[in-house]
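Report on the following structure.
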Ligand code: GLN
C-alpha cells in the first residue's frame, strides 16, 4: 500500500474508533420507519479518483438516501434542461433555514435552492417522462449509474413517508399556488418520496460523491453519468446550500461541498480528489448525523482537505 493509501486507511479506522462512543443525537422519527433503524450503525467510506475504495465499520449497511438524493436528481435535471432553464424554477441561494422550511422567494415564488425540500420537489417534477421511461425510472437509473450498481427502493420506508408526508405535500400545493410552473409539483411529490427511499450503503454514497468530484465520470465504472460542467454546478450548490442553515459554518470549518440526509447518510466531495460518505443515524437538531459531522470534520483537519487551503 502506498503511504497516501495507508494514511487514508489509518485515518478512517482511527476516526471510526474515536467516534463510535459518541451517542448524542436522535433518530428521525417523523418518518416512523426511520425510528426503527439500528441506532449504533456507523460506517465510513472514501473512494479516490483512481477507483480505490477505503472503508471502516458498517460501510456496507443499507439505508435510504433521503436528502442525499437531492444533488443527484438536481444533476439529472441540469443535464436534461440546462442551468438557465432549471434556474428559472429553482434559485441557488442559501436559505439559512431548515430543510423542510416554507421558503419561497417573495418576488418570483421560486424555492431558494434545490437542497431544501421545496426546491427538491420542483427538481423532481422537472424530470420529464419519456415515452418508454417514466420519471421515477429515469431517476433510479441515474442514481444507479452514480453508484455504479443497480439500486432499489426500500418499500417500507417509502410507504412510511407516503403515509405521513403531509408537510411536503403542503409545500407542493403552496409551490403550485405561487405561479405558472411547467410541471405539477403535487403529482411529483410522491416520486420525490420514492427517490428519498432509494437504498444505498456508505460505499455507494462515496462512489456517488466521487463521481461528482471526478467531473461526472464514475471512477469505478468509467461511466460518464453527467457532463463535467453539471458536476461542477452541483458541487457549487452543495457547498453553499447542502447543509441547510449550517452550510456557512460547515464550509468554514470542514471546507468541502457536502449533503446530509435524515436517515443518517452524509457525503462530501473533494473536487478531482475523492468522494467521502458516512452513515450513522443519530441526528443533531438540524437533521445531520452527529457522528458523520464529527468524523468528516476531523478527517478534513487530519488530511488537510479544506478546499480553501493553500498547502
Ligand atoms: N424525505 C425527507 C423529507 O422530505 C428527506 C429530508 C432530509 O433528509 N433532510 O422530509
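Structure summary
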{"quantity": "Residue among 262, 234 that alone is surrounded by 21 or more Cβ atoms within 10 Å (Cβ to Cβ), touching a residue at least 12 places away in the same chain (Cβ under 8 Å) and more than 16 Å from the ligand (Cβ to nearest atom)", "calculated": "234"}
{"quantity": "Every pair of residues 6+ apart whose Cβ atoms lie under 8 Å, when the first sits in region 117-129 and is modelled with pLDDT under 95 while the second is surrounded by 24 or more Cβ atoms within 10 Å (Cβ to Cβ) and part of a helix (DSSP H, G or I)", "calculated": "none"}
{"quantity": "Residue within region 184-194 that is at pLDDT 95 or above, within 16 Å of the ligand (Cβ to nearest atom) and either over 28 Å from residue 106 (Cα atoms) or out of contact with any helix residue (DSSP H, G or I) (no Cβ under 6 Å at 6 or more places or on another chain) (or both) present", "calculated": "yes"}
{"quantity": "Condition met for residue 123 (within 16 Å of the ligand (Cβ to nearest atom), under 18 Å from the mean Cα position of the chain (by Cα), surrounded by 16 or more Cβ atoms within 10 Å (Cβ to Cβ) and farther than 16 Å from residue 87 by Cβ)", "calculated": "no"}
{"quantity": "Identity of the residue in region 132-164, outside any helix (DSSP H, G or I) and without any contact (Cβ under 8 Å) to a residue 40 or more places away in the chain, that ends up nearest to the ligand (Cβ to nearest atom)", "calculated": "134"}
{"quantity": "Given (1) closer than 25 Å to residue 145 by Cα; (2) within 15 Å of the ligand (Cβ to nearest atom), number of the condition residue 216 does not satisfy", "calculated": "(2)"}
{"quantity": "Residue under evaluation residue 173, criteria (1) within 10 Å of the ligand (Cβ to nearest atom); (2) farther than 14 Å from residue 62 by Cα, criterion not met", "calculated": "(1)"}
{"quantity": "Selection within region 265-286 - farther than 18 Å from residue 47 by Cα and surrounded by 23 or more Cβ atoms within 10 Å (Cβ to Cβ)", "calculated": "280, 281, 283"}
{"quantity": "Identity of the residue in region 140-174, in contact with a helix residue (DSSP H, G or I) (Cβ under 7 Å, 6 or more places away or on another chain) and within 25 Å of residue 109 (Cα to Cα), that ends up surrounded by the most Cβ atoms within 10 Å (Cβ to Cβ)", "calculated": "171"}
{"quantity": "Residue ID - nearest to the chain's Cα centre (by Cα), chosen from residues in region 100-114 that are part of a loop (DSSP other than H, G, I, E, B), within 16 Å of the ligand (Cβ to nearest atom) and closer than 20 Å to residue 233 by Cα", "calculated": "114"}
{"quantity": "Residues that are in contact with a strand residue (DSSP E or B) (Cβ under 9 Å, 6 or more places away or on another chain) and within 11 Å of residue 96 (Cβ to Cβ), drawn from region 244-254", "calculated": "244, 246, 247"}
{"quantity": "The one condition in (1) in contact (Cβ under 8 Å) with a residue 60 or more places away in the chain; (2) in contact with a strand residue (DSSP E or B) (Cβ under 8 Å, 6 or more places away or on another chain); (3) away from the ligand (no atom under 14 Å from the Cβ); (4) not in a strand (DSSP E or B) that residue 278 fails to fulfil", "calculated": "(4)"}
{"quantity": "Residue match in region 286-309 (condition: part of a helix (DSSP H, G or I), touching a helix residue (DSSP H, G or I) at 6+ places or on another chain (Cβ under 9 Å), in contact (Cβ under 8 Å) with a residue 60 or more places away in the chain and within 14 Å of the ligand (Cβ to nearest atom))", "calculated": "no"}
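The values are calculated or read from the model by the stated rules, or taken from the named source; none is laboratory data. Since we're looking at a predicted model, the values are computed, not measured. Neighbour counts are summed over all protein chains in view; Cβ atoms, including those assigned to glycine, are modelled from backbone coordinates with ideal geometry.
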